[in-house]
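To start, the structure under review is shown below, and the notes come after it.
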Amino acid sequence: MRKALRGFLSLAVLIGTVSATGASVGAASAADATAIRSAGSDLSADATADIKDRILAIPGMSLIEEKPYAGYRYFVLNYTQPIDHRNPSKGTFQQRITLLHKDTSRPTVFFTSGYNVSTNPSRSEPTRIVDGNQVSLEYRFFTPSRPAPADWSKLDIWQAASDQHRVFTALKQIYSENWLSTGGSKGGMTATYFERFYPKDMDGVVAYVAPNDVVNKEDSAYDRFFENVGTKECRDRLEGVQREALIRREPLEKKYKEDADTKGYTFNTVGSLDKAYEAVVMDYVWAYWQYSKLADCGTIPADAKNAPDQAIWDSIDDISGFSAYTDQGLERYTPYYYQAGTQLGSPDIKQPWLGNLSRYGYQPPRTFVPSSIPMTFQPSAMRDVDTWVRHNATRMMWVYGENDPWGAERFRLGDGAQDSYVYTVAGGNHGSNVAGLADDEKAKATADILRWAGVAPAAVQSDPAKAKPLAPYDARLDKRDVTSERRQGPALRP
């Protein structure tokens, strides 16, 4: 049976005509859905069949592994996607997906981090709130979900949104209840872009700490943020350590080279150890506010000028990470820096407290992508999304942290928005979520998420103040350690 269904793969990769703006024509989406349903309907639509068999009956879907978890079925899958959704005949690649299955009668949350997908079970906050299923998708070009050979021109926000659209279309035949999309940081951006290009797919969007760099060359909002964030005492401490790291460049770079030689680090992409060193130091203040809180400022040396070299090194390494801009640290994040330099934009902050100590300034994304990969910036991409959000956002929610630098340029709503909201967590960093909001806002946001998912209890419908997550907290599934994320790559990435 499954072998016969795989023969219909060519139907499953049918992608509709694309308009001049890059959005998929509605009729094409309908044709896509019809093709997938007709190819796999005999088993995937059979509610009596085992859920694994129903999923694997979808053309192009294959199992990597199933992992046990109490109360769920958890699958790690591959799904065959076109490299180019505009021209499916150009070839395919395998995109990694995970599926945390609760019950087909429950709503489904579509999660993406915008980066790699974890192959261990976890729940996003909306998944816990609605007590639902969760589909998690690895972003195209993050390995192993990368076409070979890699045509980097096919890495853009429309192609990625079209990946999500095809996954949703394929799984909607099994998970027929309401769907929400979500993600944090670049994942929140991804959920927003998905809604912009395929606004009829989801029943709601919950985007966390999602930057919105509409005009890439205008970054004064970030400069104003750093002038006022936290307290002057904390800012002075951070700025002092950063200055000393550049003043003591010679002895600390000697230490950096010894460390690199020991660990086998190389610097071919950025061009030199000196450029990599400065890039790490220039990230220091940003990275602190992104991942830490004001209460953590006591860990920063108070008298940087008289602190030993080791104390300066340790503070920079702990906050920014000296491995970040090595070839080994950058390799995983090449797709992010490529997108930052072609569509997403990137911050360029002044940091006047450094005077003339910087040799390179805030280095652009081009510095962090191998020179063999061509890049051309497309200034219209973010303007298009921002305009669409302001005038068309419906059932969309953004949550930001007050002290998170990425929130300095954020999504904002215009007169055309309906049933959409922007919240800010007081004192929050890049890990801000609904649970961190003030009580009245938390209840309102939770009630809206439940309503959009179609599972708001009668008591919540009559009184949103009674809203709370439907699933109990699970320490393994629900914990997101923002601090550990800075250890996994460059600090200055959303």
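Determine the dipole magnitude for the range 35-119: charges of +1 sit on the beta-carbon of Lys and Arg, -1 on that of Asp and Glu, nothing else is charged, the reference point is the Cα centre, and the result goes in debye to the nearest 20.
Dipole of the range 35-119, to the nearest 20 debye: 260 debye.
Dipole of the chain, Cα-centred, from +1 at each Lys and Arg C-beta and -1 at each Asp and Glu C-beta, to the nearest 20 debye? Present the calculation step by step, with values, prior to reporting the outcome.
On the way: 58 positive and 61 negative charges, 218 e Å.
Charge dipole, the chain, about its Cα centre: 1040 debye, nearest 20.
Would you work out which of THR108, ILE312, SER122 lies farthest towards the positive end of the dipole of the chain, given +1 charges on the beta-carbon of Lys and Arg and -1 on that of Asp and Glu, about the Cα centre?
So the residue furthest toward the plus end is THR108.
Would you mind putting 148-161, 43-56 in packing order, based on average other-beta-carbon counts within 10 Å, highest first?
Final packing ranking: 148-161, 43-56.
For the chain, give me the percentage of DSSP beta bridges that are antiparallel, rounded to the nearest 5 percent.
For the chain, the DSSP antiparallel bridge percentage is about 50.
What whole number of Å gives the distance from the Cα centroid of the range 292-370 to the Cα centroid of the range 112-188?
If we compute the Cα centre of each part, the gap is 28 Å.
Do the alpha carbons of any pairs in LYS67/LYS442; LYS90/LYS275; LYS275/LYS350 sit beyond 27 Å of each other, and which pairs?
The answer is LYS67/LYS442; LYS90/LYS275.
Order of 102-109, 271-278, 397-404, 66-73 by packing, highest average Cβ count within 10 Å first? Walk me through the numbers before you get to the answer.
Details: 102-109: 21.0, 271-278: 18.9, 397-404: 23.8, 66-73: 13.5.
Answer by packing, highest mean first, reads 397-404, 102-109, 271-278, 66-73.
So if we plug the beta-carbon distance of LYS466 and THR104 into 1/(1 + (r/R0)^6) with R0 = 22 Å, what FRET efficiency do we get, rounded to 0.05?
The pair LYS466/THR104 has a calculated efficiency of 0.20.
How many nm is it between the label spots at ALA221 and ASP53, if each spot is 7 Å from the Cα in line with the beta carbon?
Each label point lies 7 Å from its Cα, and together they span 5.2 nm.
Using the Cα gyration tensor of the range 191-230, with a ≥ b ≥ c the square roots of its eigenvalues, what is the shape: rounded (a/c below 1.5), prolate (a/b larger than b/c) or oblate (neither)?
oblate
Per-residue HN-Hα couplings for the range 137-145, Karplus 6.51 cos²θ - 1.76 cosθ + 1.60 at θ = phi - 60°, whole Hz, x for Gly and Pro?
For the range 137-145, the Karplus-derived couplings read 10, 6, 6, 3, 6, 8, 5, x, 7 Hz, x marking Gly and Pro.
Using unit Cβ charges (K, R positive; D, E negative) and no other charged atoms, how large, in debye to the nearest 20, is the dipole of the range 360-408 about its Cα centre?
Numbers: 4 positive and 4 negative charges, 33 e Å.
Roughly 160 debye for the range 360-408.
Which length gain, in nm to one decimal place, applies between SER176 and ASP348 when the Cα-Cα distance is subtracted from 0.36 nm times their residue separation?
Values: separation 172, 0.36 × 172 = 61.92 nm, distance 4.43 nm.
Once the chain is fully extended between SER176 and ASP348, it gains 57.5 nm.
In the chain, if the dipole is taken from +1 on Lys/Arg beta carbons and -1 on Asp/Glu beta carbons about the Cα centre, which of VAL241, SER346, PRO370 is farthest to the positive end?
Projecting each Cα onto the dipole axis, the largest value belongs to PRO370.
Between ASP259 and SER89, what is the spin-label point distance in nm, taking each point 7 Å from the Cα along the Cα→C-beta axis?
Placing both labels 7 Å along Cα→Cβ, they lie 5.3 nm apart.
Using DSSP to define loop residues, name the GluC sites (Glu not before Pro) in the range 127-229 whose beta-carbon has at most 14 other beta-carbon atoms within 10 Å.
GLU218
Determine, for each peptide in 380-389, 455-464, the mean count of other beta carbons within 10 angstrom over its residues, then list the peptides with the highest first.
380-389, 455-464
For the range 174-210, which trypsin sites (Lys or Arg not before Pro) pass both filters: DSSP loop (anything but H, G, I, E, B) and at most 14 other C-beta atoms within 10 Å?
LYS200
Where a number appears in this text, it was derived from the coordinates with a stated rule and is not lab data. Small disclaimer: the values here were computed from a predicted structure and weren't measured. For neighbour counting, all protein chains shown are included, and Cβ atoms are generated from backbone atoms with ideal geometry for every residue, glycine included.
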